[in-house]
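Working notes, structure below.
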Amino acid sequence: MTASYLAFDQTTGHTFGADEHRQYRSASVVKLFIALDYLESHGPGYQIPAEDLALLQPMLRSSNDDAASTLWVRDGWQEIVNRMVALIGLTDTAPPEKPGMWGYTAISAADIVKTYRYLLHRANPEYRDFIMDNLHEATQCASDGFDQSFGIPSAVGELPHGVKQGWSGFGAAPAPGQECASQDPVTQRVLNSPEVRAAARIASSGDDATADGIDLTNRAMHTTGTVGPCDRTIVVVLTLEPTTTTWQESADRITRLTRSVYRHTILDD
């Protein structure tokens with residue numbers, strides 16, 4: 001495993017990290033930028049239409065790729081990342097070289113911690129509440145059928161938490177079971193609309209791209225989010241593993257590492 005991590009206890013100010021400026025491909029962690037950019041571009045007080053909620057909520061809660069592709073295409077492709085870099089003051093983040101490959105955005109543990117700190121303390125409270133409330137409602141089953149309870153959710157037990165997970169290079173999971181399928185008719189209609197289908201065809205996080213400085217070959221698994229009452233501790237763990245590593249092996253490893261990172265961060269409590 002190659003791993004970088006950074007955790008920040010907002011009560012004590014204690015941090016615990018390693019190689020936190022190393023760049024990784026974002027996988028679905030970039031969906032934080034897509035959601036924040038959407039909110040920032042419309043401004044406070046904007047009433048999100050039901051059709052857009054049907055994209056934003058499954059994108060944040062269940063990591064829906066088609067919803068992310070739709071907003072990525074609609075709102076400016078790589079310019080979404082460029083705007084977030086400027087807004088938050090990110091130093092290790094860069095858009096993908098191939099415009100459609102939003103999952104190949106370069107990120108670091110340090111920049112994602114900075115993103116959560118922006119959301120929690122500098123962003124308009126409406127934006128903070130919308131994004132964090134959805135992350136607190138993250139589903140165990142992702143839209144693509146993978147179990148996204150690895151890392152933070154499995155490492156911290158019953159403590160409250162909100163997460164945005166990411167993974168890349170594991171192939172296709174079995175289709176989600178009925179317990180994972182959306183029952184909301186608006187969401188179902190929007191995700192099957194011509195706009196979403198077209199965006200999914202032209203924007204993806206597929207494997208036919210190259211990039212300088214980040215690994216696009218090994219399997220990536222990332223866990224990011226907050227732990228504790230009032231989102232007290234920000235935790236970001238980014239990992240790469242060989243292509244022979246199974247999903248469960250990777251999930252077990254990142255969960256063990258995340259548990260250790262979190263415990264070291266709160267030692268001074």
_Flag if R61 is under 24 Å from T233 (Cα atoms) and either out of contact with any Ser or Thr (no Cβ under 7 Å at 6 or more places or on another chain) or small (G, A, S) (or both)_ = no
*Working carefully through the options S28, S108, find the one that is hydroxyl-bearing (S, T, Y), out of contact with any helix residue (DSSP H, G or I) (no Cβ under 8 Å at 6 or more places or on another chain) and either more than 20 Å from L240 (Cβ to Cβ) or surrounded by 16 or more Cβ atoms within 10 Å (Cβ to Cβ) (or both).*
S108
*Flag for S154 being at pLDDT 90 or above and either under 18 Å from the mean Cα position of the chain (by Cα) or in a helix (DSSP H, G or I) (or both)*: yes
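Give the residue, chosen from P95, P125, that is within 18 Å of H42 (Cβ to Cβ) and either crowded, with 21+ Cβ neighbours inside 10 Å or not aliphatic (A, V, I, L, M) (or both).
On inspection, the qualifying residue turns out to be P125.
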*May I ask you to list the residues in the range 100-140 that are among the small types (G, A, S), assigned to a helix (DSSP H, G or I) and under 13 Å from the mean Cα position of the chain (by Cα)?*
G103, A109
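The values are calculated or read from the model by the stated rules, or taken from the named source; none is laboratory data. Bear in mind that the values here come from a model prediction, so they are computed numbers and not experimental data. Virtual Cβ from ideal backbone geometry, glycine too; neighbours counted across all protein chains shown.
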